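Step one of this worksheet: look at the structure below.
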Amino acid sequence: MAEAQVVESGGTSGTSGAVDTRTIGAPVLAVENIVVKFGGVTAINDVSFDVRKGEIRAIIGPNGAGKSSMLNVLNGFYKPRSGQIKFAGKTFPSMDPYYAASNGIARTFQNIALFRGMSTLDNLMTGRLLKMKSNFFWQCLYFGPAQKEELENRAHVERVIDFLEIQPIRRTPVGRLPYGLQKRVELGRALAMDPDILLLDEPMAGMNVEEKEDMSRFIMDVNEEFGTTVILIEHDMGVVMDLSDRVVVLDYGSKIADGTPDEVRANQNVIDAYLGVSHD
């Protein structure tokens, strides 16, 4: 088993000047030689990497590099043509979406996928559906075990609402919310699942600077306070380099680099393919 790493990072949530110590553990998720094809198009070509417990792991690359396709492999939306996935002590040729969700993998999407006519609170409650064990009879009666379970799940959702500082919009239909708040609600729905691994597909796309700072703070707090492992796709290189422990870089479906932010930033293949800066 890999040795745990202790990572020191700048403090957040009002702890300016403090240092938070996080423990990065052994790999909890890995993909090996994954190939995904759509007809004659290869979206992912023989990609391997792992994700360690407690880290923030970024996946970057140009548009069309295969980043979202890789997240879809990790939570079972796409079935690889070949390769394997290691998770929860098991090896799979492909991930099952229900198994992933029920075993602690939650996901946000590049394009917001909320129920626009439902309130913020009700959207977050949908993230608790897999936690509800009462049978249909008790749910219809809303009595006994079902009522107790409903109250427990609602209390969990209220804690997520407090954590994300969205109390004023808890009863507001999400379709009426500005884009930045909708992205925060989508993060809240994923957090309501109480995940061990959180997959974030461009959580800051379309946000202004202030909204990005807020989202970055929430991601760091989720990682540091709850110990949630985060896999992040993001185009803002400043955000990626500030938040991530390790970065894997894809280009045309192939892995071209994998390492710490400093290592990736200095990698000539990354510079040529993505960052757009050439050496003298």
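The values are calculated or read from the model by the stated rules, or taken from the named source; none is laboratory data. Everything quoted here is computed from the prediction, not taken from an experiment. With ideal geometry, Cβ positions are generated from the backbone for all residues, glycine too; neighbour counts draw on all protein chains shown.
Structure notes:
- Filter pass, residue 256 being assigned to a strand (DSSP E or B), aliphatic (A, V, I, L, M), at pLDDT 90 or above and in contact with a helix residue (DSSP H, G or I) (Cβ under 6 Å, 6 or more places away or on another chain): yes
- Residue in the stretch 215-228 that is surrounded by fewer than 20 Cβ atoms within 10 Å (Cβ to Cβ), aromatic (Phe, Trp, Tyr) and free of Cβ contacts under 8 Å to residues at least 40 places away in the same chain present: yes
- Here the stretch 229-251 is the region considered, the condition is being surrounded by fewer than 16 Cβ atoms within 10 Å (Cβ to Cβ) and at pLDDT below 90, and the residue that is farthest from residue 81 (Cα to Cα) is 238.
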